[in-house]
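The values are calculated or read from the model by the stated rules, or taken from the named source; none is laboratory data. None of the values given here were measured: they were computed from a predicted structure. Note: ideal-geometry Cβ built from the backbone for every residue, glycine included; neighbour counts use all protein chains shown.
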């Protein structure tokens, strides 16, 4: 079984094909704005560590709690609480000044966000707020997003706007009541390509002004305006033969600091029997350096007050991040998952040009474990 | 999350919706909309109602053409496809045989050859004159009947309505025609028992349904026994005689309307059923005349 044709020569499954022409056989809102039909509570614990050869840098232990609750009248409310405990040194940016930055620091961050979404037939409107607090940093944000589905429900448009206000009071007194304001605008589209394929593309423009420098880095002086344009495209395709989904994504990000980065990621979501799924993934990231990034050692001809940074995050480099994510779903709506990612970043791995010299390879790893329950 | 059950009666059968969701108000809205649609289809196509589409068409037999709407046209097209693929065995004009087969009569009797010939002369989907707007039964006394697909069609539509209300885990059961919307809330398939064709409340097999549908056609719904032979309501439109090869056939297919029509055709095809079912790409369980289970979905 099955034969390639029935005795009278019609194709396999001819009746199914004929039945699909009946009205109401297929849900027309499979991807439309549907209210979540179950609540969810998830607890996750992240352990992050990064290091450079011969030196442990930063360690973060971060428990978080996520709750989603559908409410009457097609409302849903969701929120997250995060507590980060950080210890260690902030990254050592170049070998020649080893130890210049940071005696060991211990810090914490608490953050929370909440979002309320109202679902209409083809439209959803969400209003959110978020607060993040550290010893030297306070950030508050508000957001509004609107999603609109087309009548055939194969396409969804997303519009979003968010404002963020930050206050920076560095422990070392370099930054006192420094502020930064950012406005983000998002336009996105999600298109159902076929029963097994979906494509999403988002364009984000962000404009901000205020204090962008790193108060803990020597002479770090950055422009007081930053504009960022980011374009993210993702495609998911289900492969019935393997009972797996392949996920591809590409992100282009360009900002007024002069950095342009490209990120590509591929993941393979393999469904397995007994509620297991395994997702190996690989991400490649490459960026050029900011206009005002200077390779170590300290640049000759430096004029006091000019834009200057030696932050490795603004240098030219490439990074590879392999990862694996294992999920097990139990009966009664319980699930547990473990995610491992390891990242290695090196100036030699930059694509389309040489990387910034003089920087040691930087490694980081994430271990995240979580349990969740739908109710 | 909780499982909300909505039993109801429609189409002369005991029906039930099982909806798993965390939002009871939503479950109720979905169930109300789905049940309303089942009742709408029943009212529109019931041959027992004076104001139904079916009655209007049958009343016009031998007379003028009757106007049909898009939904009726779609059902007629599907019925026509079943007719063609079954070599004429699936025929929505074969309901006239009910006039000569009385399964409630005591003592029971087999119709005479003359009576069967008179009835089969009024059968013939191929003779029906129809286009996209109208339909006409050419001979007085002819009739059509959506009984072979209407309930299954209603089950599929009820499933779609649940999905459109955001219910991702649901089981629709219209008198044994079962359609799933997704698996159970924990991701495991629904377990649908297949009725034992000779024992009332017993199951002979089980089908695990993570999506799609299962429908059964059997010789036990309406029948009588005479001289050691069982005469059931599944009647061959050419001979007018009941199908005899299988006690029941259950078909697992993506849509309930496909499962139901395949099961009916398979019963009428008798020994040729396996080849037909395999060619339709469906899975199935048959119980043969000796009570043995057959087919790819049969228990091993």
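Details
- In summary, residue B:37 fulfils each of the numbered conditions (1) farther than 17 Å from residue B:146 by Cα; (2) facing another protein chain (nearest Cβ under 10 Å) with the single exception of condition (1).
- Residue check for residue B:180: without any contact (Cβ under 8 Å) to a residue 40 or more places away in the chain and under 24 Å from residue A:15 (Cβ atoms): yes
- One residue stands out in segment B:1-13 among those that are in a loop (DSSP other than H, G, I, E, B) and more than 14 Å from chain A (Cβ to nearest Cβ): the one that is nearest to residue A:77 (Cα to Cα), namely B:11.
- Pick from segment A:39-50, criterion within 22 Å of the chain's Cα centre (by Cα) and within 14 Å of chain B (Cβ to nearest Cβ), ranking: modelled with the lowest pLDDT: A:40
- The residues of segment A:112-135 that are assigned to a loop (DSSP other than H, G, I, E, B) and more than 30 Å from residue A:85 (Cβ to Cβ), listed by number, are A:120, A:121, A:122.
- Tallying residues that are without any contact (Cβ under 8 Å) to a residue 24 or more places away in the chain, touching a helix residue (DSSP H, G or I) at 6+ places or on another chain (Cβ under 9 Å) and away from every other protein chain (no Cβ under 14 Å) within segment B:53-97 yields 1.
- Options B:281, B:291: the member that is assigned to a loop (DSSP other than H, G, I, E, B) and closer than 30 Å to residue A:273 by Cβ: B:281
Results for (1) more than 13 Å from chain A (Cβ to nearest Cβ); (2) within 11 Å of residue B:162 (Cβ to Cβ), shown as yes or no for each residue.
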position	(1), (2)
B:15	yes, no
B:25	no, no
B:33	no, yes
B:41	no, no
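- Among the residues of segment B:131-163, those that are in contact with a strand residue (DSSP E or B) (Cβ under 7 Å, 6 or more places away or on another chain) and not in a loop (DSSP other than H, G, I, E, B) comprise B:134, B:135, B:136, B:151, B:152, B:154, B:155, B:156, B:158, B:159, B:162, B:163.
- Residue count for segment B:151-161 satisfying the condition of being within 7 Å of chain A (Cβ to nearest Cβ) and under 24 Å from residue A:374 (Cβ atoms): 1.
- Just one of the listed residues (A:63, A:53, A:36) is over 22 Å from residue A:127 (Cβ atoms), more than 7 Å from chain B (Cβ to nearest Cβ) and at pLDDT below 90, and it is A:53.
- Contact map, segment A:217-238: first residue surrounded by 16 or more Cβ atoms within 10 Å (Cβ to Cβ), second residue outside any strand (DSSP E or B) and modelled with pLDDT of 95 or more, Cβ cut-off under 6 Å, separation 6 or more or different chains; pairs are A:226/A:256.
- Any hit, segment B:205-216, residues being under 26 Å from residue B:143 (Cα atoms), at pLDDT 90 or above, in contact with a strand residue (DSSP E or B) (Cβ under 7 Å, 6 or more places away or on another chain) and away from chain A (no Cβ under 14 Å): yes
- Search result, residues across segment B:249-268 that are touching a residue at least 60 places away in the same chain (Cβ under 8 Å) and over 20 Å from residue B:145 (Cβ atoms): B:255
- When segment B:162-184 is filtered for residues that are facing chain A (nearest Cβ under 9 Å) and in contact with a helix residue (DSSP H, G or I) (Cβ under 6 Å, 6 or more places away or on another chain), the ones remaining, listed by number, are B:162, B:165, B:167, B:181.
- Residues (under 20 Å from the mean Cα position of the chain (by Cα) and over 17 Å from residue A:125 (Cα atoms)) located in segment A:142-165: A:164
- Residue tally, condition over 22 Å from residue B:258 (Cα atoms) and within 14 Å of chain A (Cβ to nearest Cβ), over segment B:281-300: 0
- Conditions (1) modelled with pLDDT under 90; (2) surrounded by 21 or more Cβ atoms within 10 Å (Cβ to Cβ): number failed by residue B:38: (1)
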